[in-house]
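Read-outs throughout are calculated quantities, based only on the coordinates presented, and are distinct from any laboratory measurement. As the structure is a prediction and not an experimental result, all values here were calculated from the model. Heads up, the Cβs are rebuilt from the backbone with ideal geometry, glycines too, and the neighbour counts pull from every protein chain shown.
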Amino acid sequence: MSPTDSFQKGLAGLSEFDSLMLDEIPHPTNGLHEAARYHFQNPGKYFRARLALRSGQALNLALQDSLHWAASCELLHNASLIHDDISDASTKRRGQASINERFGQDTALCLGDWMVAKAFELAARNISHGGQLAALLARAMQDTCSGQTSDINQRKIAELQEWQQIAKNKTAPLLIAPLLGIAICANEKFAADNLKQLVEYCGLAYQGHNDIDDIVPSSHFSSDLNGRKPNLVISLYSNLETTKVSAFQKWYGSEDISSTKEWQKRIASSDAITQANELVDYWLSQAERLVPLMPVQLQSVVGDLVTSVKRPITDEFSGQLA
């Protein structure tokens, strides 16, 4: 059974969630309607929504409350993807043209902003906990923006600790929010620090796999290396005791992109790949260690979260968290 299957099996509310998302997109008279329908015709795995719905089911939360929170988290995540594609000038998203490529940057920016606003509106529909949920969304968005800003502005090779902080901020906040929000709605008390650590380890493992896949195989082009983006393998390679590292560091600090493929081949065949895989395995083992510390009702949910990032992002696991 794949991680997606384990998140979907016995999941109440998934069809209702699909209906809610269709109902909430901009009205046909709204200029964003076409772009929104296009974006959600290939919505990805709805991973964060599944986290929220599974958690709500486990804690016996009213389905409507789970649905609204699941949609809030999913919309905020999708807004971040659309805005990322603008800043990265990405032309593809989930196997089709990105919103900025298909409809232009102005429409993409407005659609991302609309999704942020709609996420807060849906969170506020919770009569008892709307304020807490809105605050949780705000913190998640602020932390994600902080991670993305570091990613954009980082033009030097990131030290390992620096890479970890960027990776945590980019990935973890919008994975923690679905679980914490449901716990708030259900008045469930538990140690949020343990959940934060578990999700951060999952985020590191996910980003680590992603970074390895960017470098290996060297037959494809490394966008991280070419764009001087933070990458776990690059950080590890820059600390290897080899005669070529100083030359690599000098090249990385230059504007030269003609040697990208040459350096990618060297990095792909170096010990940095083994070290990166070992770190990913370590982070996953640390996440697994924290599963028993979660409330009994949520242990299967967070256990499946760990399972979902255990393998490299290929085949059916492609884009699992995206």
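What FRET efficiency comes out for the pair Glu262/Arg94, r = Cβ-Cβ distance, R0 = 41 Å, nearest 0.05?
With a Förster radius of 41 Å, E is 0.85.
With labels modelled as points extended 7 Å from the Cα through the Cβ direction, what inter-label distance (nm, one decimal) is found for Ile86 paired with Ala124?
2.1 nm
Any number yet on Rg/Rh for the range 13-317, C-alpha, Kirkwood?
0.99
What are the ³J(HN,Hα) values, in whole Hz, obtained from phi via the Karplus relation 6.51 cos²θ - 1.76 cosθ + 1.60 with θ = phi - 60°, for each residue of the range 213-223 in sequence order, with x given for Gly and Pro?
Listing the rounded values in order: 5, 6, 9, 10, x, 6, 6, 9, 8, 7, 6 Hz.
If you bin the C-alpha pair distances of the range 175-322 every 5 Å from 0, what whole percents do you get?
Percent of pairs per bin, in order: 2, 9, 18, 18, 15, 11, 10, 8, 5, 3, 1, 0.
List the pairs from Lys244/Lys265; Lys118/Lys229; Lys229/Lys261; Lys92/Lys229; Lys45/Lys189; Lys229/Lys265 whose alpha-carbon separation is above 22 Å, in the order I gave them.
Correct reply: Lys118/Lys229; Lys45/Lys189.
Using only alpha carbon pairs under 8 Å that are at least six residues apart, calculate the relative contact order of the chain and give it in whole percent.
Dividing the mean separation by the residue count of the chain yields 20 percent.
Estimate the FRET efficiency between His27 and Arg139 by the formula 1/(1 + (r/R0)^6), using the beta-carbon distance for r and 30 Å for R0, to the nearest 0.05.
0.50
Find how much the distance from Gln132 to Asn239 grows on full extension, using 0.36 nm per residue of separation minus their present alpha carbon separation; answer in nm with one decimal.
Here the segment from Gln132 to Asn239 would lengthen by 34.2 nm.
With each label point set 7 Å from Cα along the Cα-Cβ vector, what nm distance links Gln161 and Arg37?
Once both label points are built, they end up 5.3 nm from each other.
Ser15 to Ser223: FRET efficiency via 1/(1 + (r/R0)^6), r the Cβ-Cβ distance, R0 41 Å, to the nearest 0.05?
0.65
Evaluate the charge dipole of the chain about its Cα centre and quote only its size in Debye, nearest 20, assuming +1 on the Cβ of each Lys and Arg and -1 on the Cβ of each Asp and Glu.
Rounded to the nearest 20 debye, it is 140 debye.
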